[in-house]
1. Specify which of the listed residues (Ser297, Ser242, Ser197) is open to solvent by 40 Å² or more (accessible area, probe 1.4 Å), closer than 22 Å to Met64 by Cα and among the small types (Gly, Ala, Ser).
2. Given the criteria assigned by TED's automatic domain parsing to the domain that holds Val39 and among the β-branched types (Val, Ile, Thr), does Thr230 qualify?
3. Only one of Asp223, Asp231, Asp269 is open to solvent by 50 Å² or more (accessible area, probe 1.4 Å) and without any contact (Cβ under 8 Å) to a residue 60 or more places away in the chain; which?
4. Every residue in region 20-51 that is more than 8 Å from the ligand (Cβ to nearest atom), of a type outside the set (Phe, Trp, Tyr) and either in a helix (DSSP H, G or I) or not assigned by TED's automatic domain parsing to the domain that holds Lys141 (or both), please.
5. Give the residue, chosen from Val253, Val321, that is over 30 Å from Gly72 (Cα atoms), among the aliphatic types (A, V, I, L, M) and assigned to a helix (DSSP H, G or I).
6. Which of the residues belonging to region 194-205 are within 12 Å of the ligand (Cβ to nearest atom) and in a loop (DSSP other than H, G, I, E, B)?
7. Picking from Tyr124, Tyr140, which residue would you name as being more than 22 Å from Ala310 (Cα to Cα) and either away from the ligand (no atom under 14 Å from the Cβ) or not assigned by TED's automatic domain parsing to the domain that holds Tyr40 (or both)?
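The values are calculated or read from the model by the stated rules, or taken from the named source; none is laboratory data. Computed from a predicted model, the values in this text were never measured in an experiment. Note that we place each Cβ from the backbone using ideal geometry, even for glycine, and neighbour counts take in every protein chain shown. Surface accessibility is based on the protein's heavy atoms, side chains included, excluding ligands, DNA and RNA. Shrake-Rupley method; radii C 1.70, N 1.55, O 1.52, S 1.80 Å.
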Amino acid sequence: MTKKGRVFSGARPTGRQHIGNYLGAIKNYVDMQEDYDCVYCIVDLHALTTLETTKDLRQNTLEMAWDWLAAGMDPNKSIIFVQSMVKQVTELHTILSMVTPLGKLTDLPTFKEKVRDHPHNVNYGLVGYPVLQAADITLYKTNFVPVGIDQVPHIEFTRECVRSFNYLYNTTVLIEPQAKITQFPKILGTDGVNKMSKSLNNDIELAATADETSAIVMKMVTDPQRLRRTDPGDPDVCNVFSLHKVFSQPDEVENINVECRKAGIGCVDCKKLLAKNMNDYFAPLRAKREEFAKDESGTWDMLRDGAKRAEVIAEATMAEVRAAVGLPK
Ligand code: ADP
């Protein structure tokens, strides 16, 4: 291991990624590749816990991989693979589940949330989700896990799992990971109110064409108090303005900030500029994505190659784990 330590992050194969995923997660994954030894995983087994994410699993895995690669996640710098390709994770999941008190899992806020959202599908795997996550993290001897604040209890859970395992089997095999709290902005959706999310249908896909992006941006909700073109607007409550701050030049942002407040610029022109700037920003990514998407089998090969590299680490960890537990070699 070189660099500042190992980073692991997993994301469920939700298919085409949106600009919330990009700004909130993917961009950060790309940047971390320079300083850390990164392991990035498409966690397809995790997707099986909820019914809507089990659909089109293979296609969604590919779509996500293409967005990741096009954004600059680089298999020459990082290990990029699919969770289910490395079988050792299920073995470690089983072993860790035996050191996990059930009450700890049912007390987690994320579990309660899932039960509320999926009352008809409270399956065994859903309860054990954090144990599988702990297996993912510890299998690769992870030092840091980049997470949003809502995932911190899961990392704390992993740390407790590690302590229980190491104590019970009198070993130091597993490493306690640290949560690396990301300053991820919460990107709002086109409705201007809710977090951008595919399930709320308020998202803008990275892979959308320039025309599709423009059409979506033109329908975005702006300052709800601004009813007529002649009304002054308030950029501080407008999600179009928030996105200008990400995608537009500082002088453009400042100009909108001033002109919107005195009705010098209307929402239509403001949105046109945003769409243009977003399309310019994402043009290179989209071109690369098109190339990756032409080669499905090459993408699977890349993911399998990543899995082979991941498996070397996983098998070394499992050999130590089996020895500590007393399982056969
Ligand atoms: P998962 O269940 O694997 O977290 P999501 O698609 O919900 O899948 O999220 C993937 C990543 O993208 C997560 O790191 C999440 O925090 C980030 N993300 C998703 N939506 C947004 C958003 N609207 N704003 C900022 N970050 C987001």
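1. Details: Ser242 fails: closer than 22 Å to Met64 by Cα; Ser197 fails: open to solvent by 40 Å² or more (accessible area, probe 1.4 Å).
Only one candidate passes the filter, namely Ser297.
2. Details: assigned by TED's automatic domain parsing to the domain that holds Val39: no; among the β-branched types (Val, Ile, Thr): yes.
Judged against the criteria, Thr230 is not a match.
3. On the way: Asp223 fails: open to solvent by 50 Å² or more (accessible area, probe 1.4 Å); Asp231 fails: open to solvent by 50 Å² or more (accessible area, probe 1.4 Å).
Only one candidate qualifies: Asp269.
4. Lys27, Asn28, Val30, Asp31, Met32, Asp44, Leu45, Ala47, Leu51
5. Details: Val253 fails: over 30 Å from Gly72 (Cα atoms).
Checking each option against the conditions leaves just Val321.
6. Asn194, Met196, Ser197, Asn202, Asp203, Ile204 - these are the residues of region 194-205 that are within 12 Å of the ligand (Cβ to nearest atom) and in a loop (DSSP other than H, G, I, E, B).
7. Details: Tyr140 fails: more than 22 Å from Ala310 (Cα to Cα).
Tyr124 is the lone residue from the list that is more than 22 Å from Ala310 (Cα to Cα) and either away from the ligand (no atom under 14 Å from the Cβ) or not assigned by TED's automatic domain parsing to the domain that holds Tyr40 (or both).
Yes/no per residue for (1) basic (Lys, Arg); (2) on the phi < 0 side of the Ramachandran plot; (3) modelled with pLDDT under 95:
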| site | (1), (2), (3) |
| --- | --- |
| Asp56 | no, no, yes |
| Trp68 | no, yes, no |
| Val89 | no, yes, no |
| Leu108 | no, yes, yes |
